[in-house]
Amino acid sequence: MKTVALFGGSTRSKSSVVSSQRRLNVYFENRPDGDKTKVAIYGTPGMLYAYSVPNGFVTPPARSMAGASFGMFYIIGSSFVANIPLSSVTSSISLGSSVGNCSITASASQVLAVDGLSATIYKSTSPIGFYAVNSFPAAGAVTCTYVSGFFVAEQPGTQQFWVSNFNDGTMWNPLAFASASAYPDTILAVDNLSGILITFSTQHIEFWTNAGTTPQPFAPLISAVNEFGLAAINSRVHLDQSICFLGQTRTGKVQFCQIIGYNISVISDSDIDSIINGFSVKSDAVGLAYQADSHKFYQVSFPTANRTFLYDTSTRIWSEVQTGPSIAPTRHLGNLSAVYNGVTYVSSYTQNAFFTMDPNTYTDNGTLIPREIVTRHVFSGFNRIRISLVYLDMETGVGSSNQLFLAIPDNPQIMLQSSKDNGRTWSAERWVSLGMIGQYLTRVLWRRFGSSRDYLFKIRMTDPVKFVITDGAIKIAERPAADKLG
C-alpha cells in the first residue's frame with residue numbers, strides 16, 4: 001500500500017473542484033518527533049455537565065458570564081446573578097432588560113454589569129451586595145472592562161468612553177471621559193489586554209495606556225491605530241494573552257482577527273472568509289475559548305446561519321463543530337465561556353446549564369457528537385487510476401464507553417463513502433467495526449472502489465467512543481498507458 005496525503009487544512013467553500021475538505025468535531029495535532037505520524041487527528045472534547053445556577057433560574061440561557069476571584073457572575077434573563085461559590089450562595093437583582101447585548105467585568109472586590117439600560121455593581125467587601133450605579137454617565141452601555149484600576153464603559157452611538165473612580169465602580173466623575181477619534185465612527189465595545197485599554201469601533205481599533213492624568217487617566221497610542229472594525233460585539237474572546245474577534249475591513253468584508261500586543265493579524269483563511277461572508281447576518285457571532293492539553297481553541301457560532309467554527313491556535317487550522325447527528329451543518333451547544341478557580345465553564349445557548357470541555361467525554365451532555373472528515377483529492381497526474389483498498393490507522397478496540405443517556409456501544413462503527421465527481425454525489429455508506437473493547441488488532445479498511453481520475457473519501461463516526469487517526473493508506477494502480485489522459 002501507498003501512504004498518501006489524505007488530510008489537509010483547506011475547507012470546501014467557493015469550489016469543490018479546488019477543495020472538498022471538511023473537518024467536523026476533530027482537530028489536528030502536530031507530533032514533532034514523528035514517532036508514528038507527523039500529524040494525529042483527535043476528536044474534539046465533549047461537554048460534561050457541571051451545574052445550573054440555582055434559585056429558580058431554569059429556562060433562560062446566560063446572556064453574559066464572568067469569573068472573579070470570589071465567584072461566578074451571570075446575566076440570566078433580566079437578572080444579574082452572583083454565585084459564590086458555585087451552587088452554594090446565590091443572590092440576584094433585577095435589571096432593566098431581558099434580551100440584547102450585555103457585559104460583566106470584575107476587579108479584585110467589585111463586579112460591574114451593564115445591560116444597555118443601566119449599570120449595577122456587586123461588592124464582595126462589606127457591605128456585601130448589589131448597588132445601582134446612580135447617575136451612570138455611559139447610559140446605554142453594553143460593554144465594560146476593568147483595566148489599570150478603573151472600570152470603563154462606552155457611550156453607544158458616540159466616540160466617547162467613560163472611566164470610573166479608581167477601584168470604585170459605584171462612582172463616575174462626569175468629566176472622566178475621552179473620545180476614540182482617530183476616525184469619525186462610533187465605539188461598539190471596550191476591552192483590555194495586558195493592562196492596555198482597547199476601544200473597538202465600527203471601522204477602527206485604538207489602544208490607550210494609563211498616563212496618570214486626571215480626571216481620566218488614559219492616553220491614546222496614535223501609532224497603534226488599526227483600520228479593522230468590529231463586526232460582532234460578542235465575538236470578542238480572550239485567549240492565550242490575546243483577543244480573538246470577528247473584524248470588518250473598511251470595504252465591509254469580515255475576517256477573523258487576533259490581537260497580540262498592539263498588532264492585529266488575520267487568522268481566518270480564504271476558505272473561511274468566503275463561507276462567513278456569505279452569511280446574511282454576521283453581527284450575531286458569539287465566541288468562547290477553552291484549552292485541551294496544549295491546544296487553545298477559539299470557537300465562534302453564528303446563530304442565524306446555524307454554524308459554528310473552531311480555530312486551533314497551535315496549528316492555525318480551522319474546523320467545524322456541531323452538536324447532534326444532523327447531516328446538514330448545525331451549530332454547537334456551547335455559547336459563552338468564563339474561567340473560575342482555574343476551570344473554564346461553557347454555557348449552553350438553549351438553557352441555564354454550564355459545562356466543562358472534557359476530552360474523555362464523547363457526547364455533548366448526552367447528545368451525539370458526529371466526527372467527520374472529507375479528504376483531499378486523490379489523483380495521479382489526472383490519469384485514470386484504480387483504488388482497491390483504503391486503510392485508516394486508528395485507535396481500535398475502544399469498545400464500550402459509559403456515556404450518559406446513550407446505550408453503551410460495545411461494537412462501535414465507522415463509515416466511509418467515496419466520490420468520483422468532486423463531492424457532488426457520494427457512494428453508498430460502507431460501515432466497518434472499530435473493534436470491541438480490547439480488540440486492539442482490529443484493522444479499519446475498505447476494499448474495491450473501481451477506477452476514476454479523481455477520488456474523495458468521507459469518513460464519519462457517531463458512536464460515543466474515542467476517535468484517533470494517525471494516518472491513511474491506499475492501494476492504488478494506474479490504468480494502462482492507452483487509458484491515460486492525453
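Determine which member of the set Gly334, Gly324, Gly435, Gly399 is crowded, with 16+ Cβ neighbours inside 10 Å and at pLDDT 95 or above.
Gly334
Collect the residues in segment 436-473 that are of a type in the set (Phe, Trp, Tyr) and closer than 18 Å to His377 by Cα, keeping them in residue-number order.
Trp446, Phe449, Tyr455, Phe457
Residues in segment 278-293 that are touching a residue at least 40 places away in the same chain (Cβ under 8 Å) and either in a strand (DSSP E or B) or among the polar types (S, T, N, Q) (or both): how many?
8
Given (1) surrounded by fewer than 23 Cβ atoms within 10 Å (Cβ to Cβ); (2) free of Cβ contacts under 8 Å to residues at least 40 places away in the same chain; (3) not in a loop (DSSP other than H, G, I, E, B), where does Asn192 come up short, assuming only one miss?
Result: Asn192 fails condition (2) only.
In this structure, is Gly96 modelled with pLDDT under 95, surrounded by fewer than 16 Cβ atoms within 10 Å (Cβ to Cβ), of a type in the set (Gly, Ala, Ser) and more than 26 Å from Ala232 (Cβ to Cβ)?
no
Which residues, counting only those in segment 195-233, are assigned to a helix (DSSP H, G or I) and closer than 23 Å to Ser283 by Cβ?
Across segment 195-233, the qualifying residue is only Ile233.
What number goes with the only condition from (1) closer than 21 Å to Leu239 by Cα; (2) in the same structural domain as Thr462 (by TED's automatic domain parsing) that Ser388 does not pass?
(1)
Out of the residues in segment 413-431 that are hydroxyl-bearing (Ser, Thr, Tyr) and part of a strand (DSSP E or B), which is farthest from Glu372 (Cα to Cα)?
Ser419
Of the residues that make up segment 216-223, is at least one over 23 Å from Phe177 (Cβ atoms), touching a Phe, Trp or Tyr at 6+ places or on another chain (Cβ under 7 Å) and surrounded by 16 or more Cβ atoms within 10 Å (Cβ to Cβ)?
The answer is no; no qualifying residue exists.
Out of curiosity, is Phe130 more than 28 Å from Pro174 (Cβ to Cβ) and free of Cβ contacts under 8 Å to residues at least 60 places away in the same chain?
The answer is no for Phe130.
Could you tell me whether segment 148-164 includes any residue that is crowded, with 18+ Cβ neighbours inside 10 Å, among the polar types (S, T, N, Q) and over 30 Å from Ile128 (Cα atoms)?
Within segment 148-164 (the criterion being crowded, with 18+ Cβ neighbours inside 10 Å, among the polar types (S, T, N, Q) and over 30 Å from Ile128 (Cα atoms)), the answer is yes, since at least one residue qualifies.
Could you please let me know if Pro370 is under 25 Å from Cys244 (Cα atoms) and over 13 Å from the mean Cα position of the chain (by Cα)?
no
Kindly indicate whether Ala153 is within 12 Å of Leu112 (Cα to Cα), assigned to a loop (DSSP other than H, G, I, E, B) and touching a strand residue (DSSP E or B) at 6+ places or on another chain (Cβ under 6 Å).
Here the answer is no, as Ala153 does not meet what is asked.
May I ask you to list the residues in segment 318-357 that are over 20 Å from Leu86 (Cα atoms) and under 15 Å from the mean Cα position of the chain (by Cα)?
Selection gives Trp318, Ser319, Glu320, Val321, Gln322, Thr323, Thr330, Arg331, His332, Leu333.
Sort through Ile275, Ile259 and tell me the only one that's farther than 23 Å from Thr344 by Cα, among the β-branched types (Val, Ile, Thr) and either modelled with pLDDT of 95 or more or assigned to a strand (DSSP E or B) (or both).
Testing whether each residue is farther than 23 Å from Thr344 by Cα, among the β-branched types (Val, Ile, Thr) and either modelled with pLDDT of 95 or more or assigned to a strand (DSSP E or B) (or both) leaves just Ile275.
Does segment 161-189 hold any residues that are touching a residue at least 60 places away in the same chain (Cβ under 8 Å) and outside any strand (DSSP E or B), and which are they?
Result: Asn167, single match.
Would you confirm, using the coordinates I've provided, whether Ala219 is without any contact (Cβ under 8 Å) to a residue 24 or more places away in the chain and outside the structural domain of Asp284 (by TED's automatic domain parsing)?
Against the criterion (without any contact (Cβ under 8 Å) to a residue 24 or more places away in the chain and outside the structural domain of Asp284 (by TED's automatic domain parsing)), Ala219 qualifies.
Of these, Arg384, Arg307, which one is in contact with a Lys or Arg (Cβ under 8 Å, 6 or more places away or on another chain), modelled with pLDDT under 95 and among the charged types (D, E, K, R)?
Arg384
Do you know which residues across segment 195-216 are closer than 15 Å to Thr105 by Cβ and either aromatic (Phe, Trp, Tyr) or free of Cβ contacts under 8 Å to residues at least 60 places away in the same chain (or both)?
Within segment 195-216, Gly195, Leu197, Thr199, Phe200 meet the criteria.
(1) surrounded by 14 or more Cβ atoms within 10 Å (Cβ to Cβ); (2) more than 19 Å from Gln155 (Cα to Cα); (3) within 24 Å of the chain's Cα centre (by Cα): which one isn't true of Asn234, the others all being true?
Among (1) surrounded by 14 or more Cβ atoms within 10 Å (Cβ to Cβ); (2) more than 19 Å from Gln155 (Cα to Cα); (3) within 24 Å of the chain's Cα centre (by Cα), the lone unmet condition for Asn234 is (2).
Conditions (1) over 22 Å from Leu336 (Cα atoms); (2) in contact with a helix residue (DSSP H, G or I) (Cβ under 8 Å, 6 or more places away or on another chain); (3) not assigned by TED's automatic domain parsing to the domain that holds Glu320, marked per residue:
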{"site": "Ser242", "(1), (2), (3)": "no, no, no"}
{"site": "Phe245", "(1), (2), (3)": "no, yes, no"}
{"site": "Gln248", "(1), (2), (3)": "no, no, no"}
{"site": "Gln255", "(1), (2), (3)": "no, yes, no"}
{"site": "Ser265", "(1), (2), (3)": "yes, no, no"}
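Looking at (1) at pLDDT below 95; (2) within 30 Å of Pro54 (Cβ to Cβ); (3) out of contact with any Phe, Trp or Tyr (no Cβ under 9 Å at 6 or more places or on another chain); (4) among the aliphatic types (A, V, I, L, M), which is the only condition Ala353 fails?
Failed condition: (3).
The values are calculated or read from the model by the stated rules, or taken from the named source; none is laboratory data. Bear in mind the structure is a predicted one, so any value in this text is a computation, not a measurement. Counting neighbours? That spans all protein chains shown, and the Cβs are built from the backbone with ideal geometry, glycine included.
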